[in-house]
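Chemist: What follows is a structure written as structure tokens; I'll ask about it next.
The values are calculated or read from the model by the stated rules, or taken from the named source; none is laboratory data. Predicted, not measured: the structure shown is a model, and the values here were computed from it. All Cβ positions, glycine included, derive from the backbone under ideal geometry; neighbour counts span all protein chains shown.
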Amino acid sequence: MLMRRHKIGALPVLEHRSLVGIITESDIFEAFIDAMGLRSGGTRLTIMQRDSVTIEKVVGLIYECQARVLSFSAYRRDCVE
């Protein structure tokens, strides 16, 4: 968040005060792509749930349907009804 807020495109990577590399916005974007499983193909399912529905309930329903989940991500977003 600090990188975005301050428009920083890269950071030094230090080990014992010695520069061992640089991490860039592209590196972080690649990590996000890998974490989301976007290269694995399949179908992306987006579920907008009410506060009364927990993530555990959603995962339980997916399990009951015997679906194969390659990656799972959850975040809170204000929803307009």
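Chemist: So residue 25 passes all but one of these: (1) free of Cβ contacts under 8 Å to residues at least 24 places away in the same chain; (2) out of contact with any strand residue (DSSP E or B) (no Cβ under 8 Å at 6 or more places or on another chain). Which condition number does it fail?
Modeler: So the condition that residue 25 fails would be (2).
Chemist: Here is a further query. Taking segment 4-20 only, how many residues are among the β-branched types (Val, Ile, Thr) and closer than 19 Å to residue 30 by Cα?
Modeler: Adding up the residues that qualify gives 2.
Chemist: A further question follows. Hand me the list of helices (runs of 4 or more DSSP H) wholly inside the chain holding 1 or more residues that are exposed (fewer than 10 other Cβ atoms within 10 Å of the Cβ) and touching a Lys or Arg at 6+ places or on another chain (Cβ under 7 Å).
Modeler: No helices (runs of 4 or more DSSP H) qualify here.
Chemist: When you go through (1) at pLDDT below 95; (2) at negative phi one by one for residue 37, which number turns out not to apply?
Modeler: (2)
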